[in-house]
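These notes concern the structure reproduced below.
The values are calculated or read from the model by the stated rules, or taken from the named source; none is laboratory data. The model shown is predicted, which means the values in this text are computed figures rather than measured ones. Quick reminder, even Gly has a Cβ in these numbers, built from the backbone with ideal geometry, and neighbours come from all protein chains shown. Surface areas here come from the heavy atoms of the whole protein model, side chains and all, with no ligands, DNA or RNA. Shrake-Rupley method; radii C 1.70, N 1.55, O 1.52, S 1.80 Å.
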Amino acid sequence: LKCGVRTSHPVIQRGRAYILAHENDATYPLSTKIMALAEMNEEGDKERIQDLLKLLWDNQLGDWLFLYSIDGYNSHLARGDLSNALFAGLAMRSASQVGVSIKPSRWGDLAEGAIACWKASDGLPRTGGRAEPRGFSYTPGGGVTSSMTVAGVSMLAIVDEQAGNRITGRLRIPVKMGIRTGLAWLEENFIWTANAGQNGGYHNFFSIYGICLLYTSPSPR
């Protein structure tokens, strides 16, 4: 569909029939199903998306990050992460773009999850208006990587785009600062051949995907 294939194409319709015939409780398939339905936006899809969002939010924990699933894939991990949260944020954005109403508090919760994975400030003064480089980690307190920094910045940019000043006041400055400092970290550390910050270079394609997402979505600057 993104490449211009018509919604009525038999391959698209068979794929649509398949995803409608199968239920999912995991964050990744729920999120991508929402994005696909929003892109097709056929009769009844808005209501389907609303129901899928409720299932998706069941996977959100008290730190506002998202589990893989409750009873299925990787449920034994019993903790959320920024990767799952990014896909939930993308799904929420797609839902909003086709007219599904999402409360500002939901966008605030999404921001909270990203901020929980935001590196703490080093406390050093900066001059010339330059932002302090501060990246994001996969889980709170973890090591900063480019894949998770593009995820964190993208999530905050989506929140800023979709909710802006409608989120609670205490989050507005962290959202703006998270975007600025995350971009500053990427300007210093991003490379194409590896996932900067992660030993062994794993997940560099997630990092590349994220940087492309970041600069083709709402402007983060």
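All of (1) surrounded by 13 or more Cβ atoms within 10 Å (Cβ to Cβ); (2) within 17 Å of the chain's Cα centre (by Cα) hold for GLY197 with one exception: (2).
Of all the listed residues (LEU56, LEU67, LEU82, LEU77), the sole one being more than 19 Å from HIS22 (Cβ to Cβ), surrounded by 16 or more Cβ atoms within 10 Å (Cβ to Cβ) and in contact with a Phe, Trp or Tyr (Cβ under 9 Å, 6 or more places away or on another chain) is LEU82.
Test SER31 against the stated conditions and say whether it is surrounded by fewer than 15 Cβ atoms within 10 Å (Cβ to Cβ) and among the hydroxyl-bearing types (Ser, Thr, Tyr).
Values: surrounded by fewer than 15 Cβ atoms within 10 Å (Cβ to Cβ): no; among the hydroxyl-bearing types (Ser, Thr, Tyr): yes.
Here the answer is no, as SER31 does not meet what is asked.
Figure legend. Inter-residue proximity from the stretch 98-127: first residues under 16 Å from ASP160 (Cβ atoms), second residues of a type in the set (Ser, Thr, Tyr), beta-carbon distance below 7 Å, spacing 6+ or different chains. Indicated pairs: ILE102/SER96; GLY108/THR168.
Can you pull out every residue in the stretch 34-47 that is in contact with a helix residue (DSSP H, G or I) (Cβ under 6 Å, 6 or more places away or on another chain) and open to solvent by 30 Å² or more (accessible area, probe 1.4 Å)?
Step one: filter the stretch 34-47 for residues in contact with a helix residue (DSSP H, G or I) (Cβ under 6 Å, 6 or more places away or on another chain), giving 34-35, 37-38, 45.
Of everything in the stretch 34-47, just one residue is in contact with a helix residue (DSSP H, G or I) (Cβ under 6 Å, 6 or more places away or on another chain) and open to solvent by 30 Å² or more (accessible area, probe 1.4 Å), namely MET35.
LEU61 fulfils the conditions (1) farther than 18 Å from VAL144 by Cα; (2) out of contact with any helix residue (DSSP H, G or I) (no Cβ under 9 Å at 6 or more places or on another chain) except for a single criterion, (2). If you check ARG172 against the conditions, is it of a type in the set (D, E, K, R) and within 22 Å of ASP122 (Cβ to Cβ)? So ARG172 fails the test.
Quickly run through the stretch 56-79 and pick out the residues that are modelled with pLDDT of 75 or more and polar (S, T, N, Q).
Just the residues of the stretch 56-79 that are modelled with pLDDT of 75 or more, to begin with: 56-68, 79.
Correct list: ASN59, GLN60.
Is there any pair linking a residue in the stretch 27-50 that is touching a residue at least 60 places away in the same chain (Cβ under 8 Å) and among the aliphatic types (A, V, I, L, M) to one that is open to solvent by 50 Å² or more (accessible area, probe 1.4 Å) and assigned to a helix (DSSP H, G or I), with Cβ under 9 Å and at least six apart or on different chains, and which? Cβ pairs passing all conditions: LEU30/LEU55; ILE34/ARG48; ALA38/LYS46; ALA38/GLN97. Of all residues in the stretch 133-164, those being open to solvent by less than 30 Å² (accessible area, probe 1.4 Å) and in a loop (DSSP other than H, G, I, E, B) number 3.
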